[in-house]
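Worksheet: one structure, shown below.
The values are calculated or read from the model by the stated rules, or taken from the named source; none is laboratory data. Predicted, not measured: the structure shown is a model, and the values here were computed from it. Glycine gets a Cβ as well: all are built from the backbone with ideal geometry, and neighbour counts include every protein chain shown.
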Amino acid sequence: MPLLPVMLDLTGRTVVIIGGGQVALRRATSMLDAGADITVIAPHIDPKLNALNLRTEARAYRHGDLNHADLVVIASNNPDVNQAAAREAADRSILINRTDAPDQGNVMIPAHRTDGPITLAVYTGTGPRAAAAIRDQLFDALDPDCRRLLETIEPYRREARDRIHDPARRKHAMERMTGDDAMQTLKSQGARALQDLCREALADHEER
């Protein structure tokens, strides 16, 4: 069954990670970057997890640990614990990322890399190594000016949202700010020229 790619806003969301090893560390690091409020529960916890800005409980999982969770990451090396946590999460309709059996959860974390406003994610369904290899190939092929263009136009994108209320006009303004002409302007004339182009796009498409 095809999966629907999404971007989750985890700001302030409660994430419980069952397991305290390397997989838990990777998940915790990326989810902290996304603003999640994380608790890690495991009898043995990697010291690197203790150094992060999260809560740790060095004990075995107990039923009820997911009472207030929005998302659970199941990443222990104990199949019975994983199954029990998955059952509790399912009973509570909590989103499940299960690292030992991804197809038994409902959230799969793709291989991803971030550079400023750009996040590139790849999911293959055949394991993380293939996805990571494809991710790296695609990321290395990105035009290095993509980040600079997006960072330059960001204040004008927000201004377009506030000033141009007609969706079609706003779409045309954004296309002008992000299209081939915009990139060529940045490359050949620099950020100031791109800013001028953005101001012109706003003025041309604003309702009068």
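Numerical summary
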quantity	calculated
Residue within the range 132-149 that is touching a residue at least 12 places away in the same chain (Cβ under 8 Å), closer than 23 Å to Ile96 by Cα and of a type in the set (A, V, I, L, M, F, W, C) present	yes
Of all residues making up the range 107-131, the number that are without any contact (Cβ under 8 Å) to a residue 12 or more places away in the chain and surrounded by 15 or more Cβ atoms within 10 Å (Cβ to Cβ)	1
Condition broken by Ile164, with the remaining ones in (1) aliphatic (A, V, I, L, M); (2) closer than 30 Å to Arg26 by Cα; (3) touching a residue at least 24 places away in the same chain (Cβ under 8 Å) satisfied	(2)
Residue satisfying all of: in the range 1-28; surrounded by 19 or more Cβ atoms within 10 Å (Cβ to Cβ) and in a strand (DSSP E or B); nearest to the chain's Cα centre (by Cα) among these	Val15
From Asp143, Asp181, Asp162, residue being in a loop (DSSP other than H, G, I, E, B) and either of a type in the set (Lys, Arg) or farther than 21 Å from Ala34 by Cβ (or both)	Asp143
Pairs where the first residue, in the range 8-26, is touching a residue at least 24 places away in the same chain (Cβ under 8 Å) and the second is assigned to a helix (DSSP H, G or I) and surrounded by fewer than 24 Cβ atoms within 10 Å (Cβ to Cβ), C-beta under 7 Å, 6+ apart	Leu10/Met31; Val15/Met31; Ile17/Arg27; Ile18/Val81; Gly20/Leu49; Ala24/Leu49; Leu25/Lys48; Leu25/Leu49
Some residue of the range 83-92 being part of a strand (DSSP E or B) and within 23 Å of Pro2 (Cβ to Cβ)	no
Residues of the range 121-142 satisfying the condition of being touching a strand residue (DSSP E or B) at 6+ places or on another chain (Cβ under 7 Å) and either among the acidic types (Asp, Glu) or within 16 Å of Met31 (Cα to Cα) (or both)	Ala121
Matching residues in the range 69-106 - criterion: being closer than 28 Å to Ala130 by Cα, crowded, with 20+ Cβ neighbours inside 10 Å and without any contact (Cβ under 8 Å) to a residue 60 or more places away in the chain	Val72, Val73, Ile74, Ala75, Ser76, Ala86, Ile96, Arg98, Gly105
The range 143-158 - residue that is at pLDDT 95 or above and not charged (D, E, K, R) and, of those, surrounded by the most Cβ atoms within 10 Å (Cβ to Cβ)	Ile153
When residues of the range 102-140 are limited to those that are basic (Lys, Arg) and not in a strand (DSSP E or B), the one nearest to Lys187 (Cα to Cα)	Arg135
Which numbered condition Ala69 fails, given (1) on the phi > 0 side of the Ramachandran plot; (2) in contact with a Lys or Arg (Cβ under 8 Å, 6 or more places away or on another chain); (3) small (Gly, Ala, Ser)	(1)
Of residues in the range 34-68 being touching a helix residue (DSSP H, G or I) at 6+ places or on another chain (Cβ under 8 Å) and touching a residue at least 40 places away in the same chain (Cβ under 8 Å), the one nearest to Ile18 (Cα to Cα)	Tyr61
